[in-house]
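The next block holds one structure in the form of structure tokens; read it before the comments.
Values in this text are rule-based calculations from the coordinates and carry no lab data. Please read these numbers as outputs of a predicted model, since none were measured by experiment. Ideal geometry is used to build each Cβ from the backbone, glycine not excepted, and the neighbour counts take in all protein chains shown.
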Amino acid sequence: MCGILGLWNTSGKDVRAAMSLLQARGNDGAGWTDGEEVQHAQEASKLTLTTTGMGHTLHAIVDHQPQPIKKEGVLVANCEIYNWRALAEKHHVKAENDAALLCALLDKIELVKESVHALLEELDGVYAFAYRREGRSVIARDLLGVKPLWYTHQDGFSYASERKALLALGHHDVNELDPRTILHYDEEKNRLRRWRRPFYDVTVTEDDEASLATRTKALLVEAIRKRVPDRNIQAGILFSGGIDSTIIAKTCKDLGVKATCYTAVAENPRGKEPHDLVTAKEVAAKHRFKHEVVRVDESNIPQLAEETANLIEEAHAVKVAVGMPFLAAAKQARKDGCKVLFSGLGAEELYAGYQRHKHAQDVNDECYAGLLWLYERDLYRDDVITMRNGLELRLPFLDKELTKQALTIPGSLKLKDGKEKYLLRKAALLLGIDEQDAFRPKKAAQYGSGFDRALERVARSKGESRSQYLRAALPNANRKLGILCSGGKDSWYAAYVTKRLNYDLACVMTMRSENQDSYLFHTPAVELVKLQARAAELPYLEQSTKGEKEEELEDLKALLQKAKEEHQVEGVVTGALRSQYQRSRFEQACDELGLKAYAPLWHLEQESELRELLREGFVVTMSSIAGEGLSEEWLGRAIGEKEVEVLVRLRDKIGFNVAGEGGEYESLVLDCPLFKKRLMIQAKREMENSITGRITVTKAFLAEK
């Protein structure tokens, strides 16, 4: 766990402030280079810093190799490359450690896409690095994004391990580097190119259950073994007593690793022990694990919540609730002299451990999608929490070979006989974990530890929701998102859910398609989105498209780029509910522009969606129909509880999609909690046949609520 920083073609930046923020990522040394001379010191404060250059703060686990490393080129890296010795032998390179090996290999290749791709494919480990030679830089991170990296192409080009370091430099357009993108920067032209990296290929294996369990067990042991290069290093394990942490603890013990299991819980005022504590005690005692319980009194919850939110730079209620027990355990592990901290993160995505996997049409597709965005959802949070406590985060379930193998396991063996993570549990039996523990059900960390309810009680005592309470602590901490809006219930409800999670809504964006049968964009009454944006008091942007199947994606990218430039959006929220076609293309467009794609309603059950938005005060009408069971009278008709009941009966009778996900109808939002005014319309119905038609709006205006 180290910190890296780079600035090129910049001026007037407070480099010292940025390096000071990164110092916490490594207290074993600091370094800086302006591209020519290299300096090394114990602390960043002792360096002579320039407004352009590359910096590094060192957190050493085994050795103390100072950085930046200068050979043919210059490297700053935050890396753990487990096969570096094998690569040194293969390529006939002399290297003191993994960072030196990486620099030597980069020295040997052309800085072109194909060569860099080939080199990264050889690396087994986690990394974030920047390499510079002859005025050109290559910046990359591991494919899953375990090691963090942020960048901005604003006033020159800068990158850093943490977003806050770039904000300290005065930048505003700061982006987290997508792990599937390599950046290539040309200093002379101030030009940034993006090279896309393919993600893991998924070809489902035909191997039998026993063979897959045996292979999984072997890969798990190896993944943990390689992450403790020195058996004398004191390790910590985030321990809930669930299958993931039990596998790690059992394997560490079998390998002779000095490890302590940490279970952090929020004290319940009624004295009832949280679920995780009961389970963890039982499992630890059975296997004779060294176990330490970290208890957090409710009086300390506000301080811990605020500290967590500040570390992760978000007031996201779920992320904070998950991060709090992690932070409490990390603090104790640091006091106990631990150097590394193991976590079971990734197992849920690899082996289908979430509720959404049970409802997925294709389990492996859902696992794959979850892994793609794990870096944004969980990995940055966990990295900054551990690094602030001088700990190296170890994630064996995200091992390269284990991940590749897990993605080939048939979905029927991930979810079987009502058991999630079935194949992983079978592998646990081979590790010597008994059936009771191997098949023990697990609660999410924030619930099982009691921190979610503790945070809720604290917020309620202030008369606020958790989100309101955390927003007050971090009023400016949330990412700016644009709403890709069709005017219908899904996009506005997604925007509302996102707002409740403390994200800032920066603008409303609409695609105006000439093709009424567009697969990608909603067309009925889309001209009213401009009025809806006014009702929500948000800026409005639109882009026209002919609606041709592939060209409309380029038109969408033009709209997103405009939002990025004019409103500094960092991500896009969409109302994707079930359509993988729409979601994948929206994500593709966002991906290519360095934006995050948010689909907060993804796989929300359709009836529940309708009932929830009605409960929240949404007023929704049908703007078009095209489904058996609907007729002209549904057009322009507000959807209320009675209408939902009819749609539910149609679902039960003929398989009707209650939320219209099969194209049965399109909707128009007339009012919702985000609107300051209500949309009023006058419209006429136009029917093609008895079950197909749409409304044509003849008059629309905003009225006071």
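When a/c reaches 1.5 or more, the comparison of a/b and b/c decides; with that in mind, is the chain rounded, prolate or oblate per its Cα gyration tensor?
Here the chain falls in the prolate category.
First check a/c for the range 103-187, with a ≥ b ≥ c the square roots of the eigenvalues of its C-alpha gyration tensor; if it is under 1.5, answer rounded, and if not, answer prolate when a/b is larger than b/c or oblate otherwise.
Note, shape of the range 103-187 comes out oblate.
To check you understand DSSP bridge types, tell me what percent of the beta bridges within the chain (both residues inside) are antiparallel, rounded to 5.
DSSP beta bridges in the chain are roughly 70 percent antiparallel.
Can you give me the Cα centroid spacing of the range 257-301 and the range 646-705 in angstrom?
51
Order of 214-224, 376-386 by packing, highest average Cβ count within 10 Å first?
Top to bottom by mean Cβ count within 10 Å: 376-386, 214-224.
Dimensions of the range 601-705 along principal axes (Cα, Å, largest first)?
The Cα atoms of the range 601-705 stretch 41, 31, 23 Å along their principal axes.
Once each part is reduced to its C-alpha centroid, what is the distance from the range 131-182 to the range 202-246 in angstrom?
Cα centroid to Cα centroid, the span is 31 Å.
Name the residue from H603, V648, T621 whose Cα lies farthest towards the positive end of the charge dipole of the range 479-704, charges +1 on Cβ of Lys and Arg and -1 on Cβ of Asp and Glu.
With unit charges placed on the Cβ atoms, the residue in question is T621.
Beta carbons within 10 angstrom, averaged per residue: use that to sort the peptides 140-151, 178-189, 200-211, 123-134, highest first.
Highest-to-lowest ranking by the protection proxy: 140-151, 123-134, 178-189, 200-211.
Give the angle, between 0 and 90 degrees and rounded to the nearest 10, that separates the Cα long axis of helix 301-312 from the longest principal axis of the Cα atoms of the chain.
That helix lies at roughly 80 degrees to the long axis.
Note the angle between two axes, namely the Cα long axis of helix 275-287 and the longest principal axis of the Cα atoms of the chain, as a number of degrees from 0 to 90, rounded to the nearest 10.
Compared with the principal axis, the helix lies near 40 degrees.
Going by the alpha-carbon gyration tensor, a ≥ b ≥ c the square roots of its eigenvalues, is the range 3-196 rounded (a/c under 1.5) or, if a/c is not under 1.5, prolate (a/b greater than b/c) versus oblate?
Taking the square roots of the gyration eigenvalues as a ≥ b ≥ c, the range 3-196 is oblate.
Using the Cα centre of the chain as origin and beta-carbon charges of +1 (Lys, Arg) and -1 (Asp, Glu), tell me which of A18, L111, Q682 is placed farthest towards the positive end of the dipole.
Highest projection toward the positive end goes to A18.
What is the helix-to-structure angle for 551-567, meaning the angle in degrees between its Cα long axis and the longest Cα principal axis of the chain, kept from 0 to 90 and rounded to the nearest 10?
With both axes taken from Cα atoms, the answer is about 70 degrees.
Remind me, relative contact order of the chain in percent, using alpha carbon pairs under 8 angstrom and six or more residues apart?
9
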